[in-house]
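In what follows, a structure is listed as structure tokens, so that the remarks can point back to it.
The values are calculated or read from the model by the stated rules, or taken from the named source; none is laboratory data. Keep in mind that this is a model prediction, so the values were computed, not measured. Positions of Cβ are backbone-derived with ideal geometry, glycine not excepted, and every protein chain shown enters the neighbour counts.
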Amino acid sequence: MAIESDLATYFNIKGYYYNFLRTILISTSLALIGGTTIASIEVLVFNKLLQKKPLGLVLFIKSLFYLTIIFIVTSTGTIISHSLIFSKPIYDKQVLADFYNYLSGPKIWAVMMYWGFCVMLALFIVQIGEKLGQGVLLNYLLGKYHKPKEDARIFMFLDLTSSSAYAEKLGHIKYSKLLQDCFFDLTDAVNENHVQIYQYVGDEVVLTWQKDKGIENNRCIKTFFAFTNALRMKSEYYEKEYGVQPEFKAGINYGFVTIAEVGEMKKELAYHGDAINTAAHIRSICGKHNKKFLVSADLISILPTVDEEFVVESVGVCELKGKKNVIAIFSIEEKPISS
């Protein structure tokens, strides 16, 4: 009898661990499936569908969706776990009764309240991070630029061509909507090329990269053409909606700047230095040279493969206001597609 009792205990323990491991495996699988589903919908659906919606509405829709997914996943995991514990199929009366007690008891409310808080907090942080710009929120939290620091960065100034004429033709309200649409169509180019949007100033947007990210695969150059191609693909929409085809000119430069957290009532990261001023000046002379995209020699010097992908031509030198030295300027254009 003692031997039989010991064997029964042994097999019960083994059975418990077997069911426990199966439960862990199934729970992990469900978590991976749920996580993959949420990530896919976030990238493929929400990023496009909710991009122009108010922050409050975005938080509400995403929270409702994610909590629904979490409820389905946790409920599925719970009923499967009960089935394994009782060693009975899911549709068994005992399993269903126990699952019903779970759904009607306080545990489900505790689980959903916990996940609801986590989801809302995570979404809020992500949305605020997006509003501030890539990496800015983390820098604030870490106090990275509480004291001024020097950094090597690339700056691009993007400016709407013929902006005064468009504003006069369209009026202020419709002109503002035009800018909204243009900067909305900049999004994909920004995401694809690891760009940080520094600031919007009227009809101008200032983009910046850390040196390594900007020069990798000529991302800082590709951004401009990705944006102009996006506008060109929507030419019918712009003609129908505004009667114009918006085009942008750009100036881009590389150099060392000082980054500092400024302001008290309204904090932001500010960049100071000749590198950013030079980029702005290069953009301002695009019309003078009848070019859409001008680049400094300093940037060209750190882009070893740029002439393999694009047409690079010298347009001479540029004198900077208040400076004795001049800088060499190049124009960059896409290579024609060979037939």
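Here is how the numbers come out for the structure above:
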| read-out | value |
| --- | --- |
| Residue check, Lys321 at pLDDT below 90 and at negative phi | yes |
| Check on Thr278, of a type outside the set (A, V, I, L, M, F, W, C) and in contact with a His (Cβ under 6 Å, 6 or more places away or on another chain) | no |
| Among (1) surrounded by 14 or more Cβ atoms within 10 Å (Cβ to Cβ); (2) without any contact (Cβ under 8 Å) to a residue 40 or more places away in the chain; (3) of a type in the set (Lys, Arg), the one test that Lys240 misses | (1) |
| Pair list, Cβ under 6 Å, 6 or more apart: region 291-313 residue outside any loop (DSSP other than H, G, I, E, B) and at pLDDT 95 or above, other residue among the aliphatic types (A, V, I, L, M) and surrounded by fewer than 21 Cβ atoms within 10 Å (Cβ to Cβ) | none |
| Residues that are out of contact with any strand residue (DSSP E or B) (no Cβ under 8 Å at 6 or more places or on another chain) and polar (S, T, N, Q), drawn from region 269-297 | Asn277, Asn290 |
| Failed condition for Ala189, given (1) touching a Ser or Thr at 6+ places or on another chain (Cβ under 9 Å); (2) surrounded by fewer than 18 Cβ atoms within 10 Å (Cβ to Cβ) | (2) |
| Verdict on Cys220 being under 22 Å from the mean Cα position of the chain (by Cα) and assigned by TED's automatic domain parsing to the domain that holds Lys147 | yes |
| Candidates Ile72, Ile85 - the one that is modelled with pLDDT of 75 or more, among the aliphatic types (A, V, I, L, M), surrounded by 12 or more Cβ atoms within 10 Å (Cβ to Cβ) and assigned to a helix (DSSP H, G or I) | Ile72 |
